[in-house]
Every structure is written in structure tokens, then in C-alpha cells.
Amino acid sequence: MADVSLRQLELFAALPNFTTLSAAAAHLHISESALSQAVTGLEKTVGEQLCVRRKARGLTLTPAGQNFAMHARRILADTRELVLGSGPGEELRGPVKLGCYASFATSVVPELLEGFPRRHPGVDLEITVGSTDDLLPALQSGRLDVAIMYERFLPVGYRRREIYPTELEAHLHPDHPLAAGSTVDLTDLAGEPLILYDAAPSTINIVEAFAARGLEPRIAARVTQIGLVEALVGRGVGYGLLMSRPNVLPMSAEGRPVAVRPFDPPVTLSRVVGIWPEDMILTSRAAALLDYAVEKLGSYGRANVVQNTAAHDRRRLV
């Protein structure tokens, strides 16, 4: 049997995250020469070249090296679970690393970061907020246990669990004529100035929504921050189209009210889901985190949105 230590696996599993051996060594708190020797030792043991090390071009893993790193991460994860895993009735303990999609992080992260550690004090929750391009590679490399993202446009190869349903909504100035109704038809907005939230997958969602009705939006401004969309809507510059989110007050950062209306007929129905690579086993801690997210956020949906919107409008008029 090949003589490979867990330390060697740990060192090599980290290499896909770096472009140079020196950067990897600094992160791993080891000298570059020691890391190079560890890699060379692994290559001799497995009988294959696992990476190419060139001073001018940095560090590149061979196909065999990429496969080895992937299996090394699995072995390390299984080993951690063997050491940290709890039996029935025992308290969960150990780390769980969660990724959250940036556009709805303010609606999800506070709920989880406040309540989950109270329920499971032995679990060390670490949260990373980012885009699809940030989170998917982190999941594949083992730097995240699970990520919460929109289900639309996800690539194959991931298991998923629904957290809450979501749909496209119209954000209007309270004095806008369409704000007088409880719902909005997308056709009625086609000629209005749109403050476009210009970020994936929002841009594609909006373009497809209008195209499905044979319409084109009249874009007044393109912005990459949801807060700026709300601020411009609150000042009456135009309307916004955003996916519904829990724990959100209908007002801008400047404290100006915003009227939020669902569409009838509905537009862009989707789900926010917890995902993890299908070839990875979800840890008991990550599974408990998803359980908590579903418990606290899973009741959010269309009926809840309409009810809360009507209640807020009544309070605003009093």
C-alpha cells in the first residue's frame, strides 16, 4: 500500500486554489522548498506527474493532479467527519463553511448568523458572500461545504435543497399609478423607464421575461447594486424589477418608501436553493444549517408577499 500521509494530502489539496507554489506555501504556513518536496514525494509515490512548476508560468496541475486533488479533498473531508462526527443525540461540533449569493445575502445571512450558532454552539459557522463565479469554484475545491444560490442557470453536477420560492416583482414609487393595485401586469410597464439591476442572473431573467411577452424594456439606467435600484425608485426616477426576498422592508436606504407588487400573471418563478457537489457527502453540520435555513426562511413565498405588502400599505396610509 502506498505510504501517503494526511499532511501530504492536505498540502496538495490546497494547490488548485493558487497560481504559484510560493503563494500556496505562504497560505499553508510552510516553506516553499518543503512544499515542493512534499509534492515531489507524492509524485514518486503515485508514479505520475501531478503538477508543472515553472518560475515564469507559475503552478499548473496536470489532469492527473486535478483528479488527485479532488480525491484528496474527499479523503480529508471524510477524515474530519470521522473525528468530529456526532452520534445520535450528541451535540454537533466543528466547522461549516457556507457560501451565499451576494444579491440576497442581506436577507439571508443575518437570520442564519444570528440564530444558527445559538442552536448549535459547538459549530463554527463561516460565511462567504460572492457571485456565481466565486461560489461554484469554491464548492468544487472544497473551500465551501454548501452554498445558497438561485436555482436558475445552475450547471449540472450539484445536489440541491429548496430554501424558499422566489419570483420577479415590480418595485414602484408609491405615487405610481400601478402601485394602486395589489398586482401588476408586465405589459403595463413596457413603456415605463426601467432601473435595470444589471447583474447575472437578473439581466437574463428580465430580458427573457419581456421577450416572452413580445416586449422590450425601456431602460433608463443600468446599475449593479440592488440598493441603488431601490434608491432611484424611491426618488421616482423609474421602476425596478427584482426577485422577491425575505426580511426586506419596502423602502430605500434613504428611508423613502417603495411599493413592491407581484406580477399577475406571474413572471420568472424560481427557487433559492442550498447546493453542494453531487459527488460530495453533505456533512451533518451543513445539513443542520440547511434545516435551519428552511425552518426560518422556507415559509416565505407568494401568498406571504401579497399579505405583507397589503399590510404595509395599510400601515403607511394610517
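The values are calculated or read from the model by the stated rules, or taken from the named source; none is laboratory data. From a predicted model like this one, the values you see are computed outputs, not experimental measurements. Note that each Cβ is placed from the backbone with ideal geometry, even for glycine, and that neighbours are counted across all protein chains shown. Calculation scope for accessible area: heavy atoms of the full protein, side chains included, ligands and nucleic acids excluded. Shrake-Rupley method; radii C 1.70, N 1.55, O 1.52, S 1.80 Å.
Okay, here's what the table says:
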| read-out | value |
| --- | --- |
| Residue among R222, R235, R261, R245 that alone is among the basic types (K, R) and within 20 Å of A105 (Cβ to Cβ) | R245 |
| Flag if R53 is over 30 Å from the mean Cα position of the chain (by Cα), at pLDDT below 85 and either open to solvent by 40 Å² or more (accessible area, probe 1.4 Å) or among the basic types (K, R) (or both) | yes |
| The range 277-316, residues that are modelled with pLDDT of 95 or more and either in contact with a helix residue (DSSP H, G or I) (Cβ under 7 Å, 6 or more places away or on another chain) or open to solvent by 80 Å² or more (accessible area, probe 1.4 Å) (or both) | L289, Y292, A293, E295, K296, L297 |
| The lone exception for R261 - which of (1) modelled with pLDDT of 95 or more; (2) of a type in the set (D, E, K, R); (3) assigned to a helix (DSSP H, G or I) it fails | (3) |
| Count - residues of the range 248-258 that are in a loop (DSSP other than H, G, I, E, B) and closer than 24 Å to E111 by Cβ | 7 |
| In the range 135-149, the residues that are modelled with pLDDT under 95 and touching a Phe, Trp or Tyr at 6+ places or on another chain (Cβ under 9 Å) | L135, L136, L139, L144, D145 |
| Meets criteria (among the polar types (S, T, N, Q), modelled with pLDDT of 85 or more and outside any helix (DSSP H, G or I)) for T60 | yes |
| Residues of the range 112-157 classified as touching a helix residue (DSSP H, G or I) at 6+ places or on another chain (Cβ under 7 Å) and assigned to a helix (DSSP H, G or I), total | 4 |
| The lone exception for L112 - which of (1) under 11 Å from the mean Cα position of the chain (by Cα); (2) closer than 22 Å to S244 by Cβ; (3) buried (at least 17 other Cβ atoms within 10 Å of the Cβ) it fails | (1) |
| Qualifying residue in the range 197-207 (condition: in a loop (DSSP other than H, G, I, E, B), at pLDDT 95 or above and crowded, with 19+ Cβ neighbours inside 10 Å) | no |
| Filtered residues of the range 268-304 (kept if hydroxyl-bearing (S, T, Y) and either within 30 Å of D78 (Cβ to Cβ) or assigned to a loop (DSSP other than H, G, I, E, B) (or both)) | T268, T283, S284, Y292, S299, Y300 |
| Single unsatisfied condition, G274 versus (1) over 22 Å from the mean Cα position of the chain (by Cα); (2) modelled with pLDDT of 95 or more | (1) |
| D188 vs. criteria modelled with pLDDT of 95 or more and on the phi < 0 side of the Ramachandran plot | yes |
| Residue in the range 179-196 that is nearest to A259 (Cα to Cα), counting only those that are open to solvent by less than 40 Å² (accessible area, probe 1.4 Å) and in a helix (DSSP H, G or I) | A179 |
| A102 at pLDDT below 95 and of a type in the set (A, V, I, L, M) | yes |
| Which listed residue, of L136, L98, is open to solvent by less than 60 Å² (accessible area, probe 1.4 Å) and free of Cβ contacts under 8 Å to residues at least 24 places away in the same chain | L136 |
| Exclusive hit being surrounded by 12 or more Cβ atoms within 10 Å (Cβ to Cβ), on the phi > 0 side of the Ramachandran plot and not basic (K, R), set G41, G58 | G58 |
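For (1) in contact (Cβ under 8 Å) with a residue 60 or more places away in the chain; (2) out of contact with any Ser or Thr (no Cβ under 9 Å at 6 or more places or on another chain); (3) assigned to a strand (DSSP E or B), each residue gets a yes or a no:
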site: R222; (1), (2), (3): no, no, yes
site: E230; (1), (2), (3): no, no, no
site: G236; (1), (2), (3): yes, yes, no
site: G240; (1), (2), (3): yes, yes, yes
site: P246; (1), (2), (3): yes, no, no
